[in-house]
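Working notes, beginning with the structure itself.
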């Protein structure tokens, strides 16, 4: 009997340890799979454009380091991003160009997303050349076709600036080919041409670090195909204010000017570190500005 009692006691103690372990596991894991110190996960979307990379990584750094969220940032094409925001697969996108560049997307998905307002004003798109190029207007391009080998270096095929550039080719009856590439490829081609002082035309926009690094100019657009100055907005899924009020308020408060965004973009471009690490350093160097974006806890 003594032996049976000892065996029973060992089994009972083992069951207690197992049940305790199961209980601890449940207590330490959030329902969304995040650790118990996290307020939850925020899913950000971005296009691989300089300003979007800078702002998205800065937002990620603040949400994680100062606000206690887990953040997943995903790079995709604009069309997919707007579709996914409308379907609730992403929480926010900090690079919505309005009213022209992403106007078609907002016409299509505007009722199913939330516009949290502007985060950068006086943005601009158009055709850009180095200032040493003796051409000032889109209307002068055909007579200088050979100078540029009949090519305009573009970016991603789904970008609004590519659609506008296609329209510019039609409106101005340009005998030019619009080359598809990406933001990084475009800046590499531009840098290479400037190094050799060769003429080049690229699809360009501000804010972008290339304007602080190189002496560039927008070609005049008398027909206003590229529109006037634009505003970059933060676009979010429709119910973010109800589901994530603190995150939504932070994103509404998040605004940068030329010096702030230009400085961050330049630091990311010049650094060998990952953009998120550079963004964290910039965040720590600009605490007063950053803390002003974070809503006070109630």
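Among the residues of the range 191-204, which ones are in contact (Cβ under 8 Å) with a residue 40 or more places away in the chain and out of contact with any helix residue (DSSP H, G or I) (no Cβ under 6 Å at 6 or more places or on another chain)? Once the filter is applied, which keeps residues that are in contact (Cβ under 8 Å) with a residue 40 or more places away in the chain and out of contact with any helix residue (DSSP H, G or I) (no Cβ under 6 Å at 6 or more places or on another chain), the range 191-204 yields 193, 194, 197, 204.
Selection of helices (runs of 4 or more DSSP H) fully inside the range 235-297 by the criterion of at least 1 residues being in contact with a helix residue (DSSP H, G or I) (Cβ under 6 Å, 6 or more places away or on another chain) and more than 27 Å from residue 40 (Cα to Cα) returns 258-270.
Candidates in the range 92-130 are the residues that are part of a loop (DSSP other than H, G, I, E, B) and surrounded by fewer than 24 Cβ atoms within 10 Å (Cβ to Cβ); of these, the one that is modelled with the lowest pLDDT is 100.
For residue 188, are the conditions met, namely being surrounded by fewer than 20 Cβ atoms within 10 Å (Cβ to Cβ), out of contact with any helix residue (DSSP H, G or I) (no Cβ under 7 Å at 6 or more places or on another chain) and closer than 23 Å to residue 55 by Cα? Even if it seems obvious, please write down each step before you answer.
Numbers: surrounded by fewer than 20 Cβ atoms within 10 Å (Cβ to Cβ): yes; out of contact with any helix residue (DSSP H, G or I) (no Cβ under 7 Å at 6 or more places or on another chain): yes; closer than 23 Å to residue 55 by Cα: yes.
When the stated conditions are applied, residue 188 passes them.
Scan the range 151-165 for residues that are in contact with a strand residue (DSSP E or B) (Cβ under 6 Å, 6 or more places away or on another chain) and surrounded by fewer than 19 Cβ atoms within 10 Å (Cβ to Cβ) and the total you get is 1. On inspection, residue 84 does not qualify as within 15 Å of residue 219 (Cβ to Cβ), touching a strand residue (DSSP E or B) at 6+ places or on another chain (Cβ under 7 Å) and in a helix (DSSP H, G or I).
Output yes when any residue across the range 232-240 is outside the structural domain of residue 147 (by TED's automatic domain parsing) and surrounded by fewer than 18 Cβ atoms within 10 Å (Cβ to Cβ), and no when none is. Within the range 232-240, one or more residues are outside the structural domain of residue 147 (by TED's automatic domain parsing) and surrounded by fewer than 18 Cβ atoms within 10 Å (Cβ to Cβ).
With the structure loaded, tell me whether residue 273 is more than 21 Å from residue 123 (Cβ to Cβ), free of Cβ contacts under 8 Å to residues at least 24 places away in the same chain and more than 16 Å from the chain's Cα centre (by Cα) or whether it fails that test. If you could, list the steps in order and put the result at the bottom.
Values: more than 21 Å from residue 123 (Cβ to Cβ): yes; free of Cβ contacts under 8 Å to residues at least 24 places away in the same chain: yes; more than 16 Å from the chain's Cα centre (by Cα): yes.
Criteria met by residue 273.
Within the range 68-79, track down each residue that is surrounded by fewer than 18 Cβ atoms within 10 Å (Cβ to Cβ), under 14 Å from residue 42 (Cα atoms) and more than 10 Å from the chain's Cα centre (by Cα). Selection gives 68, 72.
For residue 89, state whether it is modelled with pLDDT of 95 or more and part of a loop (DSSP other than H, G, I, E, B).
Numbers: modelled with pLDDT of 95 or more: yes; part of a loop (DSSP other than H, G, I, E, B): yes.
Answer is yes for this residue.
The values are calculated or read from the model by the stated rules, or taken from the named source; none is laboratory data. Quick caveat, the model's predicted, so the values are computed rather than measured. Neighbour counts are summed over all protein chains in view; Cβ atoms, including those assigned to glycine, are modelled from backbone coordinates with ideal geometry.
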